[in-house]
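Inspection log for the structure reproduced underneath, given as structure tokens.
The values are calculated or read from the model by the stated rules, or taken from the named source; none is laboratory data. Keep in mind it's a predicted model, so treat the numbers as computed, not measured. Quick reminder, even Gly has a Cβ in these numbers, built from the backbone with ideal geometry, and neighbours come from all protein chains shown. Just so you know, the surface numbers come from the protein's heavy atoms only, side chains and all, with ligands and any DNA or RNA stripped out. Shrake-Rupley method; radii C 1.70, N 1.55, O 1.52, S 1.80 Å.
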2 protein chains.
Amino acid sequence: THQCKYVISWSIGITKPTYRNTKCSQCDWIFALYTFLDYDNSENQLFLEEERRMSYLGFRCLEISRWVVCGLIGFLTGLIACFIDIMVEQLTGLKYYVVKENIEKFTAGGGLSISLILWAVLNSAFVMVGAIIVAFFEPIAGGSGIPQIKCYLNGVKIPRVVRLKTLLVKVAGVICSVAGGLVVGKEGPMIHSGAVVAAGVSQGRSTSLKRDFKIFEYFRRDTEKRDFVSAGAAAGVSAAFGAPVGGVLFSLEEAASYWNQMLTWRIFFASMISTFTLNFFLSVYNKNPGELSNPGLINFGSFDRNVRSFVFVLTCECGGPPGGLLGALFNALNYWLTIFRIRYIHRPCLQVMEAMLVAAVTATVSFIMIYFSNACQPLDVVQGEDYPLQLYCDDGEYNSMATTFFNRPEKSVQNLFHNPPGSYHPLTLGVFTITYFFLACWTYGLAVSAGVFIPSLLIGAAWGRLIGIMLPVFPLQIWADPGKYALIGAAAQLGGIVRMTLSLTVILIEATGNVTYGLPLMLVLMTAKIVGDYFEEGLYDIHIKLQSVPFVHSEAPPTSHWLTAREVMSSPVTSFNRVERVGTIVDLLSNTSTNHNGFPVVVSNPAKLCGLILRSQLIVLLKHKVFVELARSKLTRRKLQLKDFRDAYPRFPPIQSIHVSQDERECMMDLTEFMNPTPYTVPQETSLPRVYKLFRALGLRHLVVVDDSNRVVGLVTRKDLARYHLGKHGLEELQLAQT
Amino acid sequence: THQCKYVISWSIGITKPTYRNTKCSQCDWIFALYTFLDYDNSENQLFLEEERRMSYLGFRCLEISRWVVCGLIGFLTGLIACFIDIMVEQLTGLKYYVVKENIEKFTAGGGLSISLILWAVLNSAFVMVGAIIVAFFEPIAGGSGIPQIKCYLNGVKIPRVVRLKTLLVKVAGVICSVAGGLVVGKEGPMIHSGAVVAAGVSQGRSTSLKRDFKIFEYFRRDTEKRDFVSAGAAAGVSAAFGAPVGGVLFSLEEAASYWNQMLTWRIFFASMISTFTLNFFLSVYNKNPGELSNPGLINFGSFDRNVRSFVFVLTCECGGPPGGLLGALFNALNYWLTIFRIRYIHRPCLQVMEAMLVAAVTATVSFIMIYFSNACQPLDVVQGEDYPLQLYCDDGEYNSMATTFFNRPEKSVQNLFHNPPGSYHPLTLGVFTITYFFLACWTYGLAVSAGVFIPSLLIGAAWGRLIGIMLPVFPLQIWADPGKYALIGAAAQLGGIVRMTLSLTVILIEATGNVTYGLPLMLVLMTAKIVGDYFEEGLYDIHIKLQSVPFVHSEAPPTSHWLTAREVMSSPVTSFNRVERVGTIVDLLSNTSTNHNGFPVVVSNPAKLCGLILRSQLIVLLKHKVFVELARSKLTRRKLQLKDFRDAYPRFPPIQSIHVSQDERECMMDLTEFMNPTPYTVPQETSLPRVYKLFRALGLRHLVVVDDSNRVVGLVTRKDLARYHLGKHGLEELQLAQT
């Protein structure tokens, strides 16, 4: 029952999964690509002294500044969402106008191929800009950013993910890719943007801009920063969907460690401010400042409370299986596409060209579909078509296929939900579903910043409405109008692709603004998830796995009780003495084969555990040459303070950059003041679920395993826990390819 | 900075708070009234063996049965809510009809005093029934039950709080007290009812009914039961307010331990089912099965999205201070009233008489106000007045004061929110606010089951609307109609009294069904809480404190870093050897002066910690006479199984009921199999916040403090942590009166 499995390693290539029946070992070097966050405060003497010096008033001020930071995060995230929305609207408006004029010019006289070329060129140009900045300047800004933020909140620090440059590229990139007519949404990137804003604002400085505002210095550690990033992600969700509660739940679902009441409250505050800011500025932009009707980038419009029938709620579950199946198909296709991309399209210029190709193909396919469609609808059925295209329809009619393409996708979703029965021809919907499905699948993973929420909703709404229209064959349609089936379809498709459950339900409830739809939505999301999980993982999980991220899930796999800390831990452990020779420290830190980040500190003879010290702390100590001998000789020497550690945070220099002379190597370093004197420990016999729970609940990075005399026997790290997961054959242990 | 404080002890009497500058000790006997829940699984050999035997399929079945239980909890909670609602509507309808007829009969001819007497007698009769069942049969069913459920979720097991009898008395009691016209709501008791349902359903048996259905045996332990009780409480909130997300957040805010994704999802499921069940059955009852427009017992009705002005949102904050002030006044008055009640009204018959007195006074006051009011309104202004009373108004008009009293309070709240400007006379609102405020304050704490949510909302809505009406004096009214000010006032008043923050905001957002009101509601709740906290604690906290419950808050007091485990822990600790003499165990367990519940197990020489065993486990062992000598003599003897512990759960017999002969006292008991071999431990130097975090995050009951050689030096329990709290003079240590 205990199997090893080779998994693909992102940076090298793909190894076909094989099974072995041996114990895994030495299989963690691939994880070395990432560093990890430590949500357990290092409560060393310096920290305790600072805390003890602080008065009650000091704590109050700190609390207030946390609120101020959260307010700022919400405000800035809302502003960014607003900026993206307005820019996209302007650019797409311009594009649709030009193309529409052009098509109308050539409709009668022929020569529509010129219109097609114009359209394709315009799209490709936008996408080219977006792809170039992503591929050449900041590849991490590509995609929706949700997998990266999930990893960050889980405790994995993907390099460059919360930098200012990433934010700028992300914002510009998403504007370009949406304006370029790609089958993408602008909602996913908002979550990443919010997180970057949070990481920046809360630190009171920008390393990229080389500016330190000397504020919020207290927040310069992983614990506090993670809290703010959670708030930022929540603010992003909130701005994207007008769903502040959904945002909070998203953050909690992902961060998922100890539930802290005040923190949750602050996250909620950031979310509220974010949606309100967006709402206010968009209302001002729409010249209707009092109305406040744009709580999010996408609004589903209001559904009536009338669910009409209990049976409708029950039939909703039937929307789950197709959603799950289509979602699994989407994910499987995207998985293979991603592997293909990793193998063959890894050079930036190729990535840009692929993105441009997709843009051109999207335009061509849309054009062909519009051209061959004869789904004409009278103009007065639907109000608010911004760019109705007549093409070959009679006067007073418009091409309904064209509207689905010549429209912001958010508007198309709304139309599918709310247009009265009869607005869409079944064939239009069917063809649209299929085309959009494949285009969306091809698009996700391109080197552009873009989200998958809106395409999923759109695909789902289309087939949901199609089902709703087809239902007159059965006596079912009396239960609800097609728009409600479109909503259920959209939820099913989105659930089938991303597999988020709790937060997604709440987001959708808030977007529909009606709690009555809660149960149907929840049921459809659950069935979609269950059906989808049977075939393939969620899209984000696939992408996280493809990057070999050691992701620690919220619970230990169910059948892991027979594993104990002894089997899970890494051993032997590199330990330091309380007073250690500088040469030993430098050599150990420089040893690239181990690359440990936390070291137990022991008092020798017998070697009992007395603390835990981090690589980053040792590096700061070495940099400031805090040696026992020097301290004795220069009495006036400034004592090292917490500030020195904070100034170096989060980009601690590598050990190679620190020069230690041969004389200094013989000096001694006293770690007592700097180590965490009370690290969490477990005995060797502790079961894996227990270790897992402690690790997750406290957000640990290192957990020391001790024997019954408090001697160090091993160290459990994230890598050790991430190895175990539940496969189809029971518990599996991952072994990473060493190719 | 370290002060001791005598606090009042519920069972004895009141000691005036005094301050001493000594270290507290021996101050925990009062806590012995309560037992505590252990959310840390005792992972002993029996448990691990069972888990290891279980297949993957077994875990899946277990997971499915958890879902089934949650569904059942939601369904039954919804049904109970529905039953209460229908019963109340029928009874009050009957009462109003009789009284109205009577008043109309005597209006012209005089003799209205007969009507008054009729009204008062009717009210008193209803209340008498409600008070008798509460005071004589199940006193714990009195009040809203929210403080009790808060305690339960926090880990304090208040006796009899989740029994079937409590539920029956609660349901009957709330129907009587609402029908008796007391100034109470039926929403708070729903939370308690949901929790009892959950505790009952999840255990698959009823001890009261002496029926064991032999199902869900796996769930018979504190960890699982607490999870289900959280779901039940959430389902209760959900049914009461139609706020499933608010319910989830309420549970999380109170249970507040490790955030578990699947658990949250199940809680959400229970909430959804609950609100849907209520909605469906109430719709059927209202002969409108398709509409589904009653998601909760109270609906605020739908507010338009039009917040009209940014300035309105900002002015909302101004609603906070009056709410906070009035709330603090309410709480302070109720505090002194409660102390008065503890001192002088502790006999059941006195309690019943007080309840009847309040009922009669409520009727009289209402009658007087209606009688002297001349606030007549034309009948057609408002639709849906069920019992318009003409009294001395002209034909075609009705007495607007009477409607506020002759109505279910939920309807009055809705009217205050939604009736068009001009429906209420300012004087009516003013007088109503004052009367209702004092009546509500007097009523809360009576020996009847009743909640404080609706009265709070009603008081707040009244003064909120009053402010809204008075605003024409200033140029403010253009920003919103009085109904919106009523909403803000209601939120402020409720927030000022109960001081819940996060969950209350979400509950109110869901009740209004409009996310645009999120920010104003949040701001007003926050300011109300800040202002209120300055003067007096929240109502529930006061009542929890009055009962001397060792409540562990979600975070350690901010200035507690200078305290370490060494100072906090209880020591010396009573330990057992791995193989212990039965006599020693019996003597220690019988020692009433210590009354410990968890005992470290040590291997002697040197005495290293090797496990932790609970009183309940020892009692089961003694009961089954699991002695080493007996095991040797009778080889066929059945091995003790986990089932034996589950069968005894949760009402383990007291040690006095177990008879151990003099011979048996000399036997030995081997604890190895039954103790938890890997208890969580901390070193002596661990700071209080770190201990606190570990304790809260894992839901511990005992935390062993060890020295650097893993020898037991102390034990931290809930009592040790609950002693420290943040007072106005910094950190304070509670010392309980020994009177």
query = Within the protein assembly as shown, what percent of beta bridges assigned by DSSP are antiparallel, to the nearest 5?
reply = 75 percent
message = Assuming a strict under-29 Å limit between Cα atoms, what lysine pair count do you get for the range B:556-722 once near-sequence pairs (fewer than 8 apart, same chain) are dropped?
response = 14
inquiry  = Quick check: the angle from helix A:426-443's long axis to the longest principal axis of chain A, C-alpha only, nearest 10 degrees?
reply    = 30 degrees
task = Would you mind checking which residues have amide H under 5 Å from A:V602's amide H? H placed 1.01 Å from N; only 5 or more apart, or other chain.
result = A:F576, A:N577, A:R578, A:C610
task = Just grab the label-to-label distance for B:K287 and B:S571, each label 7 Å out from Cα along the Cβ direction, in nm (one decimal).
result = 7.5 nm
request  = Please work out the C-alpha center-to-center distance from the range B:580-659 to the range A:328-407 and express it in whole Å.
outcome  = 72 Å
task = Please list A:D707, A:D663 in order of solvent-accessible area, largest first, computed with a 1.4 Å probe with all protein chains present.
result = A:D663, A:D707
task = Could you go through the range A:559-572 in sequence order and give the Karplus-derived ³J(HN,Hα) for each residue, using 6.51 cos²θ - 1.76 cosθ + 1.60 with θ = phi - 60°, rounded to whole Hz, and x for Gly and Pro?
result = 9, 9, 5, 7, 8, 10, 3, 4, 7, 7, 5, 8, 7, x
task = With only Lys, Arg, Asp and Glu charged, each at its Cβ (+1 for the first two, -1 for the last two), find how big the charge dipole of chain B is about the Cα centre; round to the nearest 20 debye.
result = 2000 debye
task = Find which of B:G71, B:V660, B:T35 sits farthest along the positive direction of the dipole of chain B, computed with +1 on the beta-carbon of Lys and Arg, -1 on that of Asp and Glu, about the Cα centre.
result = B:V660
query = What ranking of A:V201, B:V498 comes out by heavy-atom accessible area, probe 1.4 Å, highest first?
reply = A:V201, B:V498
Structure-based [θ]222 nm, chain B - -39500 (n - 2.57) summed over DSSP H runs of at least 4, per residue, nearest 500 = -17500 deg cm²/dmol
query = Residue by residue, what Karplus-based ³J(HN,Hα) values in Hz, rounded to whole numbers, does the range B:507-523 have, using 6.51, -1.76 and 1.60 with θ = phi - 60° and x for Gly and Pro?
reply = 4, 5, 4, 5, 5, 7, x, 8, 6, 5, 7, x, 5, x, 4, 5, 4
ask   = With every protein chain in place, what's the accessible area of A:H346 (1.4 Å probe, Å², nearest 10)?
value = 110 Å²
task = Round to the nearest 10 and give me the degree value, 0 to 90, for the angle of helix A:482-498's Cα axis relative to the longest principal axis of chain A.
result = 30 degrees
key: Relative intensity, log₁₀ I(q)/I(0), of the range B:651-716 from a Debye sum that treats every alpha carbon as a point, q = 0.27 Å⁻¹   = -1.17
key: Inter-copy separations for B:R343, label at 7 Å along Cα-Cβ, nm, ascending   = 8.6
query = Which net charge results when you count Lys and Arg as +1 and Asp and Glu as -1 among the other residues whose beta-carbon is under 11 Å from that of B:G445?
reply = 0
ask   = Of all DSSP beta bridges located in chain A, what percent are antiparallel, nearest 5?
value = 75 percent
Fraction of beta bridges assigned by DSSP in the range A:612-720 that are antiparallel (%, nearest 5) = 65 percent
message = Among A:Q377, A:Y218, A:G460, whose Cα projects farthest towards the positive end of the dipole of chain A, with charges put on the beta-carbon of Lys, Arg (+1) and Asp, Glu (-1)?
response = A:Y218
note = So A:L726 and A:L427, fully extended at 0.36 nm per residue minus their Cα-Cα distance, gain in nm 103.4 nm
inquiry  = If you scale each eigenvalue of the Cα gyration tensor by 5 and take the root, what three semi-axes come out for the range A:507-643, rounded to whole angstrom and sorted largest first?
reply    = 50, 22, 15
message = What do you get for chymotrypsin sites (Phe, Trp or Tyr not before Pro) in the range A:185-226 restricted to DSSP loop and a cutoff of at most 16 other Cβ within 10 Å of the site's Cβ?
response = A:F213
remark   = Ignoring ligands and nucleic acids, A:H553 exposes an accessible area, probe 1.4 Å, in Å² to the nearest 10, of 100 Å²
message = Could you tell me the relative contact order of chain A? Use alpha-carbon pairs under 8 Å, at least six residues apart, and round to a whole percent.
response = 19 percent
key: Charge-dipole axis of the range B:46-285 as Lys and Arg at +1 and Asp and Glu at -1 on Cβ define it, positive-most pick from B:V121, B:L278, B:A199   = B:A199
ask   = Heavy-atom accessible area of B:V184 with all protein chains present, probe 1.4 Å, nearest 10 Å²?
value = 10 Å²
request  = Please report, in debye to the nearest 20, how large the charge dipole of the protein assembly as shown is about its Cα centre when each Lys and Arg carries +1 at its beta carbon and each Asp and Glu carries -1 there.
outcome  = 3440 debye
request  = Could you pull out every residue, at least 5 positions away or on a different chain, whose amide H is within less than 5 Å of the one on A:F36? Hs are placed 1.01 Å off N in the peptide plane, and Pro or chain starts have none.
outcome  = A:K157
query = Where does the charge balance sit around B:V531 when Lys and Arg score +1, Asp and Glu -1, over other residues with C-beta under 15 Å from its C-beta?
reply = -2
remark   = Extension length gain for B:F535 and B:F83 (0.36 nm per residue less Cα distance), in nm, is 158.8 nm
request  = Can you tell me the 0 to 90 degree angle between the C-alpha axis of helix A:112-132 and the longest principal axis of chain A, rounded to 10?
outcome  = 10 degrees
key: Solvent-free Debye scattering, log10 I(q)/I(0), computed from the Cα coordinates of the protein assembly as shown at q = 0.06, 0.08 Å⁻¹   = -0.60, -1.08
note = With x for Gly and Pro, the residue-by-residue ³J(HN,Hα) of the range A:178-190, computed from phi through the Karplus equation 6.51 cos²θ - 1.76 cosθ + 1.60 at θ = phi - 60° and given in whole Hz, is 6, 5, x, x, 5, 7, 9, x, 9, 7, x, x, 4
query = Using unit Cβ charges (K, R positive; D, E negative) and no other charged atoms, how large, in debye to the nearest 20, is the dipole of the range A:100-212 about its Cα centre?
reply = 520 debye
query = What number comes out for the charge environment of B:S687, summing +1 per Lys or Arg and -1 per Asp or Glu over other residues with Cβ under 11 Å away?
reply = 0
task = Please compute the Cα-Cα pair-distance distribution of chain B with 20 Å bins starting at 0, giving whole percents from short to long.
result = 16, 47, 28, 8, 1
inquiry  = Going by amide H atoms built from the backbone, whose H comes under 5 Å of the H on B:R581, apart from near neighbours?
reply    = B:M669
query = Can you list the lysines whose alpha carbon sits under 25 Å from that of B:K170, skipping same-chain ones fewer than 8 residues off?
reply = B:K95, B:K150, B:K157, B:K186, B:K210, B:K225, B:K411, B:K545
